[in-house]
Amino acid sequence: MDAAYNPYTPGAGKAPPALVGREEQLEEGRVVISRTARGVSADAPILYGLRGVGKTVLLKALQAQASTAGWMTVEIEGKQESTEQDLTRRRLARGLVTAARSVAPRRGRLSDAWRRALGTIGSFSLAAGATGVEVTLEVQPNEGRGDSGDPAIDLEELVSDAVPALQESHIGLAIFVDEIQDLDPATLSALISVQHRAHQNTWPFHLYGAGLPNVPAKLAEARSYAERFRFVEIGALRPEEARAAFAEPAHQEGVHYEPAALDRLVTVSGGYPYFVQVFGDQAWRAAPGPDTITAEDAAAAVTLGTSVLDDSLFHSRWNRATPAQKKLMRAMAEDPVQSQVSDLVARLRRRRPGDLSVARDELIKKGLIFAPERGVLRFTVPHMDDYIRRRPED
Ligand SMILES: Nc1ncnc2c1ncn2[C@@H]1O[C@H](COP(=O)(O)OP(=O)(O)O)[C@@H](O)[C@H]1O
Ligand SMILES: [Mg+2]
């Protein structure tokens with residue numbers, strides 16, 4: 001098939017040709033925006049789920065909705081290295097300045113509310129170490145507001161100083177945090193408490209998030225009122241949605257799948273969006289014909305796609321684990337779906353669950369596994385168990 005027209009988009013955070021199966025979340029996103037504009041309370045979602053289900057892409061789509069509605073939006077990403085607090089703060093500051101510049105009224109038409117909002121954004125940015133910012137905003141920084149260095153105080157001052165301007169313009173301010181489980185604890189806890197205040201006072205401020213399945217637990221740990229969040233689980237596509245995710249983008253280019261080809265790819269992908277894109281991409285490449293993806297092409301795509309997934313998703317994660325962690329993961333791979341810790345203890349000939357807790361905790365920290373409930377472990381990457389089973393012992 002002509003590579004120039006290949007519609008598939010394998011790759012973290014890449015907008016797919018069709019955002020299949022997320023209509024409900026997008027509709028709820030529109031509700032948040034319209035409720036906020038009317039000054040009534042609304043709950044932005046915190047998306048969570050396995051890797052490759054499309055959380056980042058959906059979070060970006062929600063951000064695009066908000067930006068289109070004229071909101072101030074800022075995106076940041078949690079990083080594994082936990083010394084990221086300063087960097088996160090700088091990114092946040094830079095994002096705020098850029099967003100403020102795009103939504104604030106023209107200079108000369110600035111109301112007092114907007115002057116105050118921009119002033120505090122300026123002082124926050126200066127304190128964060130973003131240079132040249134006060135010039136860019138053309139408003140004097142609000143010294144003593146948002147610049148103490150304590151994220152909890154500063155974010156709260158920043159948001160509360162921005163609220164009157166936002167209300168005046170009937171817009172919201174939203175911070176979108178991807179990989180929120182990896183955000184440094186001080187920033188996370190500050191964002192949660194601002195969200196909490198915003199909720200109490202019906203401020204037009206929202207924290208949107210996305211991350212791994214341990215996110216609800218992680219947020220509850222960070223602040224006791226995290227249960228206020230609207231957690232939304234993002235999962236694999238249903239079979240008919242997966243069919244659409246394969247077939248529709250091809251159809252747009254005048255290409256169709258033989259029914260057997262489509263059945264095979266839908267099954268092998270398990271409905272996981274990332275797998276859909278990888279196998280769709282490989283099927284397109286494998287097919288010699290001008291307009292049909294045959295069962296034979298699909299079979300080739302399964303082989304090629306599997307090796308692409310090994311290289312892009314599995315090898316690097318496996319290699320990040322220590323020998324003890326690999327042993328634990330191998331023991332987990334013997335179970336379908338998830339493992340009971342008590343079974344793992346027996347399988348690894350240990351005595352107590354505590355004997356596994358170092359490896360367990362580190363694998364959780366690395367984002368490779370999570371505990372869906374007490375005494376149970378599961379991989380965060382779909383099909384990681386298959387990969388481990390087909391790997392020779394090392
Ligand atoms: N709803 C969807 N339909 C089809 N493909 C999707 C969908 N959501 C995401 N994708 C594709 O899946 C892959 C993973 O998306 P991403 O948002 O990075 O997942 P996550 O953040 O959950 O790991 C990307 O290649 C993207 O193009
Ligand atoms: Mg992601």
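Figure legend: label point modelled 7 angstrom from the Cα of Ala12 along Cα→Cβ; residues of region 61-84 with amide N under 15 Å from it are 76-82. Taking amide H positions as placed 1.01 Å from N in the peptide plane, with prolines and chain starts having none, which residues 5 or more places from Ile369, or on another chain, fall under 5 Å of its amide H? Under 5 Å from the amide H of Ile369: Ile364, Thr380. Between Gly209 and Ile46, Leu47, Val177, the built amide H atoms are under 5 Å apart, and every one of these is 5 or more places off in sequence or on another chain.
Sequence-ordered 3J(HN,Hα) estimates for region 50-61 from the Karplus curve with 6.51, -1.76 and 1.60 and θ = phi - 60° stand at 5, 5, x, 8, x, 6, 4, 4, 5, 4, 5, 5 Hz, glycine and proline given as x. For the chain, the relative contact order comes to 20 percent (Cα pairs under 8 Å, sequence separation of at least 6).
Each residue of region 324-332 was assigned a 3J(HN,Hα) from its phi angle through the Karplus curve 6.51 cos²θ - 1.76 cosθ + 1.60 (θ = phi - 60°); the sequence is 5, 5, 5, 4, 4, 5, 4, 5, 5 Hz, with glycine and proline shown as x.
The distance linking region 232-300 with region 24-99 is 30 Å (Cα centroid to Cα centroid, whole angstrom).
Please grab the % of Cα pairs in the chain that end up more than 40 Å from each other.
Details: 20230 of 77421 pairs.
Summing the P(r) of the chain above 40 Å gives 26 percent of all pairs.
The equivalent ellipsoid of region 250-394 has semi-axes of 37, 13, 12 Å, largest first, where each one is the square root of 5 times an eigenvalue of the Cα gyration tensor. Residue order for Glu138, Glu24, fewest other beta carbons within 10 angstrom first, comes to Glu24, Glu138.
With a Förster radius of 51 Å applied to the beta-carbon distance between Arg107 and Asp361, the computed FRET efficiency rounds to 0.45. The calculated pair-distance distribution of region 320-390 uses every alpha carbon pair, bins of 5 angstrom beginning at 0, and gives 3, 18, 34, 29, 13, 2 percent. The length gained on full extension between Ala64 and Phe231, counted as 0.36 nm times the residue separation minus their Cα-Cα distance, comes to 58.1 nm. Summing Lys, Arg as +1 and Asp, Glu as -1, what charge do residues with Cβ under 15 Å from the Cβ of Lys365 carry, Lys365 excluded? Value of the local net charge: -2.
Would you mind calculating the gained length between Thr303 and Ala260 on full extension (0.36 nm times residue separation, minus the Cα-Cα distance), in nm to one decimal? All intermediate terms of the calculation are to be shown ahead of the outcome.
Numbers: separation 43, 0.36 × 43 = 15.48 nm, distance 1.62 nm.
This chain segment gains 13.9 nm when fully extended.
Taking R0 as 22 Å, what's the FRET efficiency between Ser312 and Arg390 from their Cβ-Cβ distance, rounded to 0.05? According to the calculation, E is roughly 0.85.
In this structure, the amide hydrogen of Ile293, modeled 1.01 Å from its nitrogen in the peptide plane, lies closer than 5 angstrom to those of His256, Tyr257, Glu258, counting only residues at least 5 positions away or on a different chain.
DSSP bridge analysis restricted to the chain gives an antiparallel fraction near 15%, rounded to the nearest 5. 3J(HN,Hα) along region 87-99, derived from phi through the Karplus expression 6.51 cos²θ - 1.76 cosθ + 1.60 where θ = phi - 60°, amounts to 5, 4, 4, 5, 4, 4, 4, 4, x, 5, 5, 4, 5 Hz, with x in place of Gly and Pro. I need the trypsin sites (Lys or Arg not before Pro) found in region 34-73, filtered to DSSP loop residues with at most 10 other beta carbons within 10 Å of theirs. Taking region 34-73 and a limit of 10 other Cβ atoms within 10 Å, the loop trypsin sites (Lys or Arg not before Pro) found are Arg38.
Since every read-out is calculated from the coordinates, none of them should be taken as a lab result. Please read all numbers here as calculations on a predicted model, not as lab measurements. Cβ sites come from the backbone with ideal geometry, for glycine too, and all protein chains shown count toward neighbours.
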